[in-house]
Amino acid sequence: MSLRNERVRKELMRDISDILRKEIRGLLGVVSIIDVEVSHDNSFAKVIYSVLGSDDQIQKTKEVIEKSTPKIRYEVGKRIRLRLTPELKFVYSDSIEKGSRVTELIDKISRGEL
């Protein structure tokens, strides 16, 4: 990955996190941007995110993000200095949820509950 792509990737992670936190209403769970994969020409970005919350909250948050993708892209375009604003594709990952469960199991084992 070129230095420019890495800079764009980090900027997108920061800006999208900020936009989700401040601009998008209706998010029920806590959303974390895990990674952003940027195409070589910066025209496309795959945003990998996770949601911490109940199954209902996760589903509702996924729906809100899907509906809000055009607005998120518009906001990114106002913040980032690129010739073209990348097309955004949001992909859900349950890695934080799985990590939380593993930590919980380790804690139970260390307390002798399992």
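Taking 0.36 nm per residue of separation and subtracting the current Cα-Cα distance, fully stretching the chain between residue 14 and residue 46 would add 10.1 nm.
Counting only trypsin sites (Lys or Arg not before Pro) that DSSP places in a loop and that have at most 16 other Cβ atoms within 10 Å, the longest clean stretch of the chain runs over 26-80. Per atom type, the chain shows carbon and sulfur on 51% of its accessible surface, probed at 1.4 Å. Relative to the longest principal axis of the Cα atoms of the chain, helix 95-110 runs at roughly 20 degrees. Between the helical axis of 55-79 and the longest alpha-carbon principal axis of the chain there is an angle of about 20 degrees. Spin-label pair residue 5-residue 54: with each label point 7 Å from Cα along the Cα-Cβ axis, the two points sit 4.2 nm from one another. Full extension of the chain segment joining residue 101 with residue 82 gains 2.9 nm, where the gain is 0.36 nm per residue of separation less the Cα-Cα distance. Please label the shape of segment 10-63 as rounded, prolate or oblate, based on the square roots a ≥ b ≥ c of the eigenvalues of the alpha-carbon gyration tensor (a/c under 1.5 means rounded; beyond that, a/b larger than b/c means prolate, else oblate). Prolate, since a/c reaches 1.5 and a/b exceeds b/c.
Taking K and R as +1 and D and E as -1, what net charge do the other residues with C-beta under 13 Å from the C-beta of residue 7 add up to?
Working: positive: 4, 9, 10, 14, 81; negative: 6, 11, 15.
So the environment of residue 7 carries a net charge of +2.
Return the percentage of antiparallel bridges among DSSP beta bridges fully within the chain, rounded to the nearest 5 %.
55 percent
Separation of the alpha carbons by more than 23 angstrom is noted, of 46/78; 10/71; 67/98; 10/60; 46/67; 78/98, for 67/98; 10/60; 78/98. Computed 3J(HN,Hα) for segment 38-47, one whole-Hz value per residue from the Karplus formula 6.51 cos²θ - 1.76 cosθ + 1.60 where θ = phi - 60°, is 10, 5, 4, 9, 6, 8, 9, 9, 9, 9, glycine and proline marked x. Over every pair of different alpha-carbon atoms in segment 1-103, take the mean of 1/r and invert it; report that Kirkwood radius in Å. Kirkwood hydrodynamic radius for segment 1-103: 14.0 Å. Extension gain, residue 110-residue 37: 0.36 nm per intervening residue step, less the Cα-Cα distance, totals 22.6 nm.
Note that segment 1-99 presents 60 Å² accessible area per residue, ligands and nucleic acids not counted, probe 1.4 Å.
The values are calculated or read from the model by the stated rules, or taken from the named source; none is laboratory data. The shown structure was predicted, so the numbers you read here are calculated from the model rather than taken from an experiment. We place every Cβ from the backbone using ideal geometry, glycine too, and count neighbours over all the protein chains shown. Areas reflect the complete protein model, heavy atoms only, side chains present, ligands, DNA and RNA absent. Shrake-Rupley method; radii C 1.70, N 1.55, O 1.52, S 1.80 Å.
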